[in-house]
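Student: Got a structure for you, questions after.
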Amino acid sequence: MRTRPIVAALVLSAGTTLLATDFLTEGVDNARTGWVKDEKIFTLANVGSTRLLWKVKLDSAPRAMHNLFAPLIAERVETPQGVREIGVVAGISDDVFGIDVATGKQLWHRRWDGGPNPAPPANNTLCPSGQTAVPTLARVAPGKYTVYAVSWDGRLRQIDAANGQDVAPPEKFIPGGGKPYALNLYNGVIYTATAQGCGGLTNAFYSFDLASRKASAFIPAGGGLWGRRGASISPEGIVYLGTGDALFDPSARRLGNGIVGVKIDANKQLQLADYFGAPNANWLFRRDLDVNVTPVLFDYRNRKFLVGTSKECRLWLLDRDALGGEDHRTTLHTTPLLCNDAQAFDGKGIWGALSAWQDARGVQWVLAPFWGPVSKEFKAPIEHARPTGGGVAAYKVEERAGKWQLTPAWLSRDMDLAEEAVIANGIVFAYAAGEDASQVVPDVAWNEPGGPTYGGGLSSGPGRRVPNSRKAALYALDAQTGKELWSSGNLESWNHFSGLTVANGRAYIATFDGVLYCFGVAR
């Protein structure tokens, strides 16, 4: 117990790339940019030779439409068998696996104790009742990495990435049974947020200080804090996330359908730092076009930027020094629609994650994967298709006539519900999830196929969506032009609420059937 503060002091940040190609947190870094800055093995010249290196079926039971998350990668872990590059893979049913990524061999497996017994029915896609937060890792000493995870019961777990054994006793972090999102670690504090009222929890930001072991919560009186990559954190320590599914009314201390920033104070308590509400925030709420994506942060030309979006499928460029201006409602730039001309709340819009990177010339890019047909309003100088199932759009951050804007640059090939994008050495890795994302189905009799017994009506239930889902696929694109350089072709299954990892010449994707795929090039 006496060593815990020492260990905590060694923890700097899950987003700091302490070794060249560690991938320690969802979205690569604290700002959730998706940019693997130090990847050198994948190149524009060799990515076309990418092939399947291995796949492994893991003992992870699905719940609703959920199963495995994409792995986190620790490049040089000291183990009894020598130094290994280890992938840490979390599963919805309170599982965590350690994988030797050179071979695909499973090294260890933990299944958390303390979950409900018996488990509740696995029939709620929005609230699957399991481990929903992607863990985060930290290098605490040379060759030593700690995995931080939140189990079903809300306890913070700290385990050794080399063997899966506890390095500290589990401690209560958040109320159990909720739906926390990907963990983020900054200056010795773990952050997450819960969403959609799962488990009866009020939607909130949460923090846990590893040194003092103090937990804190901040309730923005908004709805789902449900960005796929979890909260993003600025270099100033402000923690940002969107707040869908509620009204925006600051006069009544209701910050729904906005982007809220909080910061931990000297007493290790979360306090409001800033907030933004789109000009049409309450219209978005009434149409269920809520803010649902982790905002991405970056500094560029001595300015501090944040980009957010919603299911409506417009991007907001914001100044982090004055989020939304004096009225908290004014953007630096709002793009025309990228997708979702129908303004539907299911199967269309932006649902995965935004990404950001800078090229060798110093140009700042923002990438937006989307679902459904591209908007008639969106035009780019380079278009490889007019997608109908989804795709990736690239924007440049530009200053014109003294005003900042997001300028369309290219539009990718068609993808079947494009999700996250990861940028590595001038290559954009993106994937099509292939799930059935529909929630509105024809009104038929209760006992007919597609009726309520089968998850019909207004339903996101797995009984209808699982059998109607399709196939996932992984793509590599030229980051300057969007040209397709390589594709995995259709995989054997699809995924929901998962992600994508790229490190050390390997790209990883997990699917609903419990299979983790590793694609790569010769090393």
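Student: Any idea how far apart K214 and W54 come out in nm if each label point goes 7 Å out from Cα toward Cβ?
Tutor: Once both label points are built, they end up 4.5 nm from each other.
Student: Please name which of A215, G227, G199 has its Cα lying farthest along the dipole of the chain towards the positive end, using unit charges on Cβ (Lys, Arg +1; Asp, Glu -1) and the Cα centre as origin.
Tutor: Farthest towards the positive end: A215.
Student: Further question: Give me the number: length gained by fully extending V363 to A141, i.e. 0.36 nm times residue separation minus the C-alpha to C-alpha distance, one decimal in nm. Could you put the intermediate results ahead of the total?
Tutor: Details: separation 222, 0.36 × 222 = 79.92 nm, distance 3.52 nm.
Working it through step by step, the gained length comes to 76.4 nm.
Student: Can you figure out the FRET efficiency of N490 with T103, using R₀ = 35 Å and their beta-carbon distance, to the nearest 0.05? Don't skip to the end; give the middle numbers.
Tutor: Numbers: r = 25 Å, r/R0 = 0.72.
After rounding, the FRET efficiency stands at 0.90.
Student: Gain in length, D166 to A385, computed as 0.36 nm per residue apart minus the alpha-carbon separation, to one decimal in nm? Provide the component values of the computation, followed by the final result.
Tutor: Values: separation 219, 0.36 × 219 = 78.84 nm, distance 4.97 nm.
So the chain would gain 73.9 nm between D166 and A385.
Student: Sticking with this structure for a sec: Which listed residue (G277, T334, S375) has the Cα farthest towards the positive end of the charge dipole for region 272-394, taking +1 on Lys and Arg C-beta and -1 on Asp and Glu C-beta about the Cα centre?
Tutor: S375
Student: Could you pull out every Cys in the chain that lacks a partner Cys with its beta carbon under 4.7 Å away?
Tutor: That list is C518.
Student: On the Cα set of region 297-451, report Rg and Dmax in Å, please.
Tutor: So, for region 297-451, Rg and Dmax equal 17.2, 62 Å respectively.
Student: Projected area of the chain, taken from the Cα convex hull and averaged over every viewing direction, in nm²? Mind showing how you got there, number by number?
Tutor: Working: hull surface 92.2 nm².
Spelled out: convex hull of the Cα atoms, projected over all directions, averaged, 23.1 nm².
Student: Okay, next question. Express in Å², to the nearest 10, the accessible area of E399 obtained by rolling a 1.4 Å probe over the protein heavy atoms while all chains stay in place.
Tutor: 100
Student: Could I ask something else about it? What number, rounded to the nearest 500 deg cm²/dmol, is the helix-based mean residue ellipticity at 222 nm of the chain, given -39500 (n - 2.57) per DSSP H run of at least four residues and division by all its residues? Walk me through the intermediate numbers first.
Tutor: Working: 3 runs with 20 residues, N = 523.
It comes out at -1000 deg cm²/dmol, rounded to the nearest 500.
Student: For the chain, build the charge dipole from Cβ charges (+1 Lys, Arg; -1 Asp, Glu) around the Cα centre, then report which of A70, G261, T103 sits farthest towards its positive end.
Tutor: My answer, from the dipole projection, is T103.
Student: Would you mind working out the magnitude of the charge dipole of the chain relative to its Cα centre, with +1 at each Lys and Arg C-beta and -1 at each Asp and Glu C-beta, to the nearest 20 Debye? Present the calculation step by step, with values, prior to reporting the outcome.
Tutor: On the way: 53 positive and 50 negative charges, 115 e Å.
Charge dipole, the chain, about its Cα centre: 560 debye, nearest 20.
Student: Same structure again: I want the local charge near F519. Using Cβ-Cβ distances under 11 Å, sum +1 for each Lys or Arg and -1 for each Asp or Glu among the other residues.
Tutor: Details: positive: R51, K55, R506; negative: none.
Net charge around F519: +3.
Student: Any idea how far apart A401 and K483 come out in nm if each label point goes 7 Å out from Cα toward Cβ?
Tutor: With each label point 7 Å from Cα toward Cβ, the separation is 3.4 nm.
Student: Less than 17 Å apart at the alpha-carbon level, and either on another chain or at least 8 residues along: which aspartates and glutamates does that give for K55?
Tutor: The qualifying aspartates and glutamates are E85, D100, E492, D513.
Student: A follow-up question, please. Order 64-72, 83-91 from most to least packed using the mean count of other Cβ atoms within 10 Å. Before the final figure, lay out each step's value.
Tutor: Working: 64-72: 25.7, 83-91: 23.8.
The peptides rank, most packed first, as 64-72, 83-91.
Student: With +1 on each Lys and Arg Cβ and -1 on each Asp and Glu Cβ, how big is the dipole of region 101-240 about its Cα centre, in debye rounded to the nearest 20?
Tutor: Working: 13 positive and 7 negative charges, 47 e Å.
Rounded to the nearest 20 debye, it is 220 debye.
Student: Okay, next question. Taking the Cα centre of region 220-337 as the origin, how large is its charge dipole in debye, to the nearest 20, when only Lys and Arg (+1) and Asp and Glu (-1) carry charge on their Cβ atoms?
Tutor: On the way: 15 positive and 13 negative charges, 50 e Å.
The dipole of region 220-337 has a size of about 240 debye.
Student: So which of K263/K304; K172/K268; K348/K471; K348/K483; K311/K379; K214/K263 end up more than 21 Å apart by C-alpha? It would help to have the intermediate numbers written out before the result.
Tutor: On the way: K263/K304 17 Å; K172/K268 16 Å; K348/K471 18 Å; K348/K483 23 Å; K311/K379 19 Å; K214/K263 15 Å.
Among K263/K304; K172/K268; K348/K471; K348/K483; K311/K379; K214/K263, the Cα-Cα distance tops 21 Å for K348/K483.
Student: Let me ask something additional. Seen from all sides and averaged, what is the projected area of the convex hull of the Cα atoms in region 253-328, in nm²?
Tutor: Working: hull surface 24.1 nm².
Across all orientations, region 253-328 yields a mean hull projection of 6.0 nm².
Student: Where Lys and Arg each count +1 and Asp and Glu each count -1, what net charge lies around L53 among other residues with Cβ under 14 Å from its Cβ?
Tutor: That works out to +3.
The values are calculated or read from the model by the stated rules, or taken from the named source; none is laboratory data. None of these values were measured; they are calculated from a predicted model. Cβ sites come from the backbone with ideal geometry, for glycine too, and all protein chains shown count toward neighbours. Surface areas here come from the heavy atoms of the whole protein model, side chains and all, with no ligands, DNA or RNA. Shrake-Rupley method; radii C 1.70, N 1.55, O 1.52, S 1.80 Å.
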